[in-house]
1. Select, from Gly232, Gly189, Gly239, the only residue that is on the phi > 0 side of the Ramachandran plot and touching a strand residue (DSSP E or B) at 6+ places or on another chain (Cβ under 7 Å).
2. Could you tell me whether Met1 is in contact (Cβ under 8 Å) with a residue 40 or more places away in the chain, part of a strand (DSSP E or B) and of a type outside the set (S, T, N, Q)?
3. Could you go through region 68-77 and let me know if any residue there is modelled with pLDDT of 95 or more and over 20 Å from Val30 (Cβ atoms).
4. Can you name the residue in region 4-44 that is in a loop (DSSP other than H, G, I, E, B) and farther than 14 Å from Val107 by Cβ and is also nearest to the chain's Cα centre (by Cα) among such residues?
5. In region 34-48, is there at least one residue being among the small types (Gly, Ala, Ser), under 22 Å from Gly12 (Cα atoms) and buried (at least 16 other Cβ atoms within 10 Å of the Cβ)?
6. Read through the list (1) without any contact (Cβ under 8 Å) to a residue 40 or more places away in the chain; (2) under 23 Å from Ala118 (Cα atoms), then give the number of the only condition that Pro11 fails.
7. So Thr56 clears everything in (1) at pLDDT below 95; (2) assigned to a helix (DSSP H, G or I) except one condition, right? Which one?
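The values are calculated or read from the model by the stated rules, or taken from the named source; none is laboratory data. The structure displayed is predicted, hence computed values, not measured ones. Cβ placement follows ideal geometry from the backbone for every residue including glycine, while neighbour counts extend to all protein chains displayed.
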Amino acid sequence: MKKITVVGIGPGAYELMTKKAADALAGADVIVGYHVYVNLVKAYFPNKKVLTTPMTQEIERCRMAFEEAEKGQCVAMVCGGDAGVYGMSGLILQLGPEYPQVEVEMVSGVTAAIGGAAVLGAPLIHDFSVISLSDLLTPWEKIAKRILLAAEADFVLVLYNPSSKKRLDYLRKACDLILEHRTPQTVCGLVENIGRDGERAQVLPLGELRDTSVNMFTTVFIGNSQTREIDGKMVTPRGYGV
Ligand code: SAH
């Protein structure tokens with residue numbers, strides 16, 4: 001059988017990988033992925049053929065996976081977090097019709113929003129909206145509109161890709177848009193390196209978050225109008241009346 005399993009490996013720690021994901025990797029002949037993710041899992045699954053491509057070569061990476069599968073290899077394509085959240089599963093399915101003999105299966109993983117929420121407390125108890133600040137594949141105008149409307153609708157916001165070398169001021173730009181609808185005291189949080197060495201979390205007001213520098217291994221949480229800090233944890237109440 002010719003098959004690619006697209007595997008979300010979770011935020012980083014082996015313990016945060018689902019059993020199904022670990023089983024898929026154990027059963028694979030070849031592991032394909034971006035080198036950061038492949039390196040995270042390589043130690044646990046030795047003796048596998050490993051194929052990587054650089055960050056911007058996602059299409060090549062997917063084609064490589066299909067070509068290996070066509071040779072009869074059992075292929076696992078790894079992504080950080082969940083493969084269906086800013087990951088590779090969409091592209092794999094888009095290219096799938098070009099490789100009709102290859103079956104594709106997805107294995108879900110713990111995405112950064114969920115992994116980070118558990119570190120911060122309970123910020124996502126109510127409706128939330130996930131937005132990536134990367135304008136590599138999405139025009140900034142569209143990102144800005146989504147931020148503004150989500151802020152106006154009082155969603156908790158989770159911001160992925162909050163910064164990169166070329167986009168140092170994007171978190172500030174996003175906070176300024178949110179401040180059109182929320183107060184500077186709004187409870188926010190950030191988590192760096194979720195489930196990896198150097199994991200670090202901070203709960204802070206929106207006004208302060210605006211002037212905080214973050215990196216590409218950070219996920220940012222903006223509370224809604226009801227979100228509170230309780231004993232250092234970020235908590236969004238859900239109307240139980242306590
Ligand atoms: N598929 C991934 C997201 C890829 S986009 C997932 O489901 O989690 C990359 C962004 O995800 C990063 O810029 C960061 O905002 C977030 N992210 C992914 N893994 C993370 C981790 N271990 N710690 C903190 N943020 C992470």
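1. Only one candidate qualifies: Gly232.
2. So Met1 fails the test.
3. No, the conditions are met nowhere in region 68-77.
4. Restricting to residues being in a loop (DSSP other than H, G, I, E, B) and farther than 14 Å from Val107 by Cβ, the top hit is Pro11.
5. No: region 34-48 contains no residue that is among the small types (Gly, Ala, Ser), under 22 Å from Gly12 (Cα atoms) and buried (at least 16 other Cβ atoms within 10 Å of the Cβ).
6. Of (1) without any contact (Cβ under 8 Å) to a residue 40 or more places away in the chain; (2) under 23 Å from Ala118 (Cα atoms), only one is false for Pro11: (1).
7. (2)
Quick grid of which residues meet (1) buried (at least 18 other Cβ atoms within 10 Å of the Cβ); (2) among the hydrophobic types (A, V, I, L, M, F, W, C):
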{"position": "Glu141", "(1), (2)": "no, no"}
{"position": "Tyr160", "(1), (2)": "yes, no"}
{"position": "Ser164", "(1), (2)": "no, no"}
{"position": "Leu179", "(1), (2)": "no, yes"}
{"position": "Cys188", "(1), (2)": "yes, yes"}
{"position": "Gln202", "(1), (2)": "no, no"}
{"position": "Thr212", "(1), (2)": "no, no"}
{"position": "Pro237", "(1), (2)": "no, no"}
{"position": "Gly241", "(1), (2)": "no, no"}
